[in-house]
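A quick write-up on the structure given underneath.
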Amino acid sequence: MLTNLYIYILPILAVAVGYLISLFLKPGSSSGFKLLLAFSGAYLLAVTVLELLPDVYREPDSGIGVFIMLGLLLQIVLEFLSKGVEHGHLHFHENSTAFPLLLLVSLSIHSLLEGFPLDKHNHLLHGVVVHKIPVAAILSVFLVHSKLSKTKVFLFLGFFGLMTPLGSWLKNNVEFISEYATYVNAVVIGIFLHVSTTILFEASKNHSFNASKLAVIILGILLAYFI
(Lines give C-alpha, C1' and ligand atoms only; values in the text may rest on other atoms or scores of the structure.)
Protein backbone atom coordinates (compact mmCIF):
# COMPACT_ATOMS: atom_id res chain seq x y z
CA MET A 1 0.00 0.00 0.00
CA LEU A 2 2.85 2.36 0.88
CA THR A 3 4.53 1.62 -2.45
CA ASN A 4 1.32 2.52 -4.27
CA LEU A 5 1.23 5.86 -2.47
CA TYR A 6 4.82 6.55 -3.49
CA ILE A 7 3.88 5.99 -7.12
CA TYR A 8 1.35 8.82 -6.92
CA ILE A 9 3.17 11.18 -4.56
CA LEU A 10 6.84 11.10 -5.59
CA PRO A 11 6.39 12.33 -9.20
CA ILE A 12 4.43 15.32 -7.90
CA LEU A 13 7.09 16.05 -5.29
CA ALA A 14 9.75 15.87 -8.01
CA VAL A 15 8.03 18.68 -9.93
CA ALA A 16 7.79 20.75 -6.74
CA VAL A 17 11.50 20.21 -6.02
CA GLY A 18 12.36 21.18 -9.59
CA TYR A 19 10.41 24.40 -9.21
CA LEU A 20 12.22 25.26 -5.96
CA ILE A 21 15.58 24.60 -7.61
CA SER A 22 14.68 26.94 -10.45
CA LEU A 23 14.23 29.80 -7.98
CA PHE A 24 17.86 29.62 -6.84
CA LEU A 25 19.81 28.24 -9.78
CA LYS A 26 20.20 28.69 -13.50
CA PRO A 27 19.90 25.09 -14.63
CA GLY A 28 21.28 25.68 -18.11
CA SER A 29 24.61 26.93 -16.78
CA SER A 30 24.96 24.82 -13.62
CA SER A 31 27.52 22.01 -13.83
CA GLY A 32 25.82 20.21 -10.94
CA PHE A 33 22.52 20.39 -12.82
CA LYS A 34 24.12 18.83 -15.91
CA LEU A 35 25.60 16.06 -13.78
CA LEU A 36 22.13 15.33 -12.38
CA LEU A 37 20.81 15.07 -15.92
CA ALA A 38 23.62 12.69 -16.87
CA PHE A 39 22.97 10.56 -13.78
CA SER A 40 19.23 10.42 -14.48
CA GLY A 41 19.86 9.46 -18.11
CA ALA A 42 22.21 6.64 -17.14
CA TYR A 43 19.88 5.33 -14.42
CA LEU A 44 16.85 5.48 -16.71
CA LEU A 45 18.67 3.71 -19.52
CA ALA A 46 19.97 0.96 -17.21
CA VAL A 47 16.55 0.30 -15.67
CA THR A 48 14.99 0.21 -19.14
CA VAL A 49 17.51 -2.32 -20.43
CA LEU A 50 17.80 -4.43 -17.27
CA GLU A 51 14.14 -4.53 -16.19
CA LEU A 52 11.64 -3.18 -18.70
CA LEU A 53 13.01 -4.90 -21.81
CA PRO A 54 13.19 -8.41 -20.31
CA ASP A 55 9.71 -7.92 -18.84
CA VAL A 56 7.97 -7.11 -22.12
CA TYR A 57 9.81 -9.84 -24.03
CA ARG A 58 8.44 -12.47 -21.66
CA GLU A 59 5.29 -12.22 -23.74
CA PRO A 60 5.42 -14.64 -26.73
CA ASP A 61 4.68 -11.92 -29.24
CA SER A 62 7.10 -10.87 -31.96
CA GLY A 63 5.33 -7.53 -32.38
CA ILE A 64 6.87 -6.03 -29.23
CA GLY A 65 9.77 -4.56 -31.18
CA VAL A 66 7.36 -2.66 -33.42
CA PHE A 67 5.83 -0.92 -30.41
CA ILE A 68 9.27 -0.06 -29.04
CA MET A 69 10.12 1.63 -32.32
CA LEU A 70 6.74 3.40 -32.31
CA GLY A 71 7.57 4.77 -28.87
CA LEU A 72 10.92 6.04 -30.12
CA LEU A 73 9.26 7.75 -33.08
CA LEU A 74 6.55 9.18 -30.82
CA GLN A 75 9.20 10.73 -28.59
CA ILE A 76 10.85 12.36 -31.60
CA VAL A 77 7.51 13.97 -32.47
CA LEU A 78 6.94 15.04 -28.86
CA GLU A 79 10.40 16.62 -28.69
CA PHE A 80 9.66 18.54 -31.86
CA LEU A 81 6.77 20.11 -29.97
CA SER A 82 8.55 20.52 -26.62
CA LYS A 83 11.91 21.68 -28.07
CA GLY A 84 13.75 19.01 -26.11
CA VAL A 85 12.93 19.88 -22.52
CA GLU A 86 12.87 16.14 -21.68
CA HIS A 87 16.64 16.00 -22.03
CA GLY A 88 17.65 19.40 -20.77
CA HIS A 89 16.88 21.90 -23.51
CA LEU A 90 14.36 24.67 -23.78
CA HIS A 91 14.51 27.79 -25.90
CA PHE A 92 12.20 30.62 -25.03
CA HIS A 93 11.52 34.28 -25.57
CA GLU A 94 11.37 36.25 -22.35
CA ASN A 95 8.75 38.63 -23.71
CA SER A 96 6.39 35.88 -24.82
CA THR A 97 2.89 36.16 -23.38
CA ALA A 98 1.37 33.20 -25.25
CA PHE A 99 0.48 30.17 -23.18
CA PRO A 100 2.75 27.30 -24.36
CA LEU A 101 -0.07 24.88 -25.12
CA LEU A 102 1.95 22.63 -27.45
CA LEU A 103 4.64 22.32 -24.81
CA LEU A 104 2.03 21.35 -22.21
CA VAL A 105 0.45 18.77 -24.54
CA SER A 106 3.82 17.23 -25.41
CA LEU A 107 5.04 16.98 -21.83
CA SER A 108 1.67 15.71 -20.63
CA ILE A 109 1.65 12.84 -23.14
CA HIS A 110 5.22 11.96 -22.22
CA SER A 111 4.47 12.08 -18.48
CA LEU A 112 1.19 10.18 -18.80
CA LEU A 113 2.84 7.29 -20.63
CA GLU A 114 5.81 7.06 -18.26
CA GLY A 115 3.37 6.47 -15.41
CA PHE A 116 2.06 3.17 -16.82
CA PRO A 117 4.92 0.79 -15.88
CA LEU A 118 5.71 2.30 -12.47
CA ASP A 119 3.56 -0.09 -10.44
CA LYS A 120 5.74 -3.09 -11.36
CA HIS A 121 9.18 -1.48 -11.25
CA ASN A 122 10.24 0.44 -8.13
CA HIS A 123 13.66 1.17 -9.65
CA LEU A 124 11.93 2.80 -12.58
CA LEU A 125 9.96 5.01 -10.19
CA HIS A 126 13.25 6.25 -8.72
CA GLY A 127 14.62 6.91 -12.19
CA VAL A 128 11.53 8.83 -13.30
CA VAL A 129 11.62 10.94 -10.14
CA VAL A 130 15.32 11.79 -10.53
CA HIS A 131 14.73 12.60 -14.20
CA LYS A 132 11.67 14.76 -13.47
CA ILE A 133 13.55 17.09 -11.11
CA PRO A 134 15.87 18.69 -13.72
CA VAL A 135 13.12 18.66 -16.35
CA ALA A 136 10.76 20.47 -13.96
CA ALA A 137 13.51 22.94 -13.07
CA ILE A 138 14.18 23.78 -16.74
CA LEU A 139 10.46 24.07 -17.38
CA SER A 140 10.03 26.33 -14.35
CA VAL A 141 12.83 28.62 -15.51
CA PHE A 142 11.07 28.95 -18.85
CA LEU A 143 7.70 29.71 -17.25
CA VAL A 144 9.06 32.11 -14.62
CA HIS A 145 10.94 34.13 -17.25
CA SER A 146 7.93 34.31 -19.53
CA LYS A 147 5.21 36.90 -19.11
CA LEU A 148 2.68 34.38 -17.89
CA SER A 149 0.85 35.09 -14.67
CA LYS A 150 1.80 33.11 -11.56
CA THR A 151 -1.61 31.46 -11.68
CA LYS A 152 -0.94 30.10 -15.18
CA VAL A 153 2.56 29.01 -14.18
CA PHE A 154 1.25 26.98 -11.24
CA LEU A 155 -1.61 25.58 -13.30
CA PHE A 156 0.89 24.45 -15.94
CA LEU A 157 3.23 22.84 -13.39
CA GLY A 158 0.33 21.31 -11.48
CA PHE A 159 -1.14 19.73 -14.60
CA PHE A 160 2.30 18.49 -15.65
CA GLY A 161 2.93 17.05 -12.19
CA LEU A 162 -0.36 15.14 -12.13
CA MET A 163 0.11 13.40 -15.48
CA THR A 164 2.49 10.65 -14.32
CA PRO A 165 0.30 9.67 -11.32
CA LEU A 166 -2.69 9.74 -13.67
CA GLY A 167 -0.94 7.28 -15.98
CA SER A 168 -0.31 4.94 -13.05
CA TRP A 169 -3.94 5.26 -11.92
CA LEU A 170 -5.28 4.51 -15.40
CA LYS A 171 -3.05 1.45 -15.68
CA ASN A 172 -4.36 0.08 -12.37
CA ASN A 173 -8.03 0.98 -12.79
CA VAL A 174 -8.93 0.84 -16.48
CA GLU A 175 -9.33 -2.75 -17.65
CA PHE A 176 -8.74 -1.98 -21.33
CA ILE A 177 -5.38 -0.35 -20.58
CA SER A 178 -4.35 -3.12 -18.19
CA GLU A 179 -5.15 -5.72 -20.85
CA TYR A 180 -2.70 -4.13 -23.29
CA ALA A 181 -0.17 -3.02 -20.68
CA THR A 182 2.68 -4.94 -22.31
CA TYR A 183 2.31 -3.00 -25.55
CA VAL A 184 2.02 0.32 -23.74
CA ASN A 185 5.14 -0.54 -21.76
CA ALA A 186 6.91 -1.31 -25.03
CA VAL A 187 6.03 2.18 -26.26
CA VAL A 188 7.37 3.61 -23.00
CA ILE A 189 10.62 1.67 -23.52
CA GLY A 190 11.07 3.38 -26.88
CA ILE A 191 10.46 6.75 -25.23
CA PHE A 192 12.95 6.06 -22.45
CA LEU A 193 15.58 4.74 -24.84
CA HIS A 194 15.42 7.91 -26.90
CA VAL A 195 15.41 10.31 -23.95
CA SER A 196 18.15 8.58 -21.96
CA THR A 197 20.54 8.02 -24.87
CA THR A 198 20.07 11.61 -26.03
CA ILE A 199 21.02 12.82 -22.55
CA LEU A 200 24.13 10.62 -22.53
CA PHE A 201 25.20 11.59 -26.04
CA GLU A 202 24.81 15.27 -25.19
CA ALA A 203 26.81 14.77 -21.99
CA SER A 204 29.80 14.04 -24.22
CA LYS A 205 29.03 16.76 -26.76
CA ASN A 206 32.13 18.24 -28.43
CA HIS A 207 34.16 15.40 -26.85
CA SER A 208 34.06 17.19 -23.48
CA PHE A 209 33.27 14.01 -21.56
CA ASN A 210 35.05 14.66 -18.26
CA ALA A 211 35.73 12.47 -15.24
CA SER A 212 32.77 13.84 -13.27
CA LYS A 213 30.26 13.00 -16.00
CA LEU A 214 31.77 9.55 -16.45
CA ALA A 215 31.60 8.94 -12.70
CA VAL A 216 27.92 9.89 -12.33
CA ILE A 217 26.98 7.83 -15.39
CA ILE A 218 28.75 4.77 -13.99
CA LEU A 219 27.11 5.43 -10.63
CA GLY A 220 23.68 5.62 -12.23
CA ILE A 221 24.19 2.32 -14.04
CA LEU A 222 25.54 0.56 -10.94
CA LEU A 223 22.71 1.79 -8.74
CA ALA A 224 20.15 0.58 -11.26
CA TYR A 225 21.82 -2.84 -11.29
CA PHE A 226 22.40 -3.41 -7.57
CA ILE A 227 19.55 -1.60 -5.79
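The values are calculated or read from the model by the stated rules, or taken from the named source; none is laboratory data. The structure presented is a predicted model; accordingly, all values stated were derived computationally and were not measured. Cβ atoms come from the backbone with ideal geometry, glycine included; neighbour counts cover every protein chain shown. Ligands, DNA and RNA are stripped out before the accessible areas are found, and what is left, the full protein with its side chains, is counted by its heavy atoms. Shrake-Rupley method; radii C 1.70, N 1.55, O 1.52, S 1.80 Å.
One table, with the values for the structure above:
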| quantity | calculated |
| --- | --- |
| Computed E for residue 144/residue 69 - FRET, C-beta separation, R0 41 angstrom, nearest 0.05 | 0.65 |
| Order of exposure, largest accessible area first, which applies to 202, 175, 51 with probe 1.4 Å | 175, 202, 51 |
| Ordering of 161-167, 17-23 by burial proxy (mean other Cβ atoms within 10 Å per residue, highest first) | 161-167, 17-23 |
| Förster radius 35 Å - calculated FRET efficiency between residue 99 and residue 218 (Cβ-Cβ, nearest 0.05) | 0.30 |
| Probe 1.4 Å, all protein chains present, accessible-area order of 37, 101, largest first | 101, 37 |
| Listed pairs 34/132; 152/213; 120/213 exceeding 24 Å between Cα atoms | 152/213; 120/213 |
| Accessible-area composition of region 125-172, carbon plus sulfur, in percent [1.4 Å probe] | 74 percent |
| Modelled label reach - residue 177, point 7 Å along Cα→Cβ, region 115-135 residues with backbone N closer than 20 Å | 115-129, 132 |
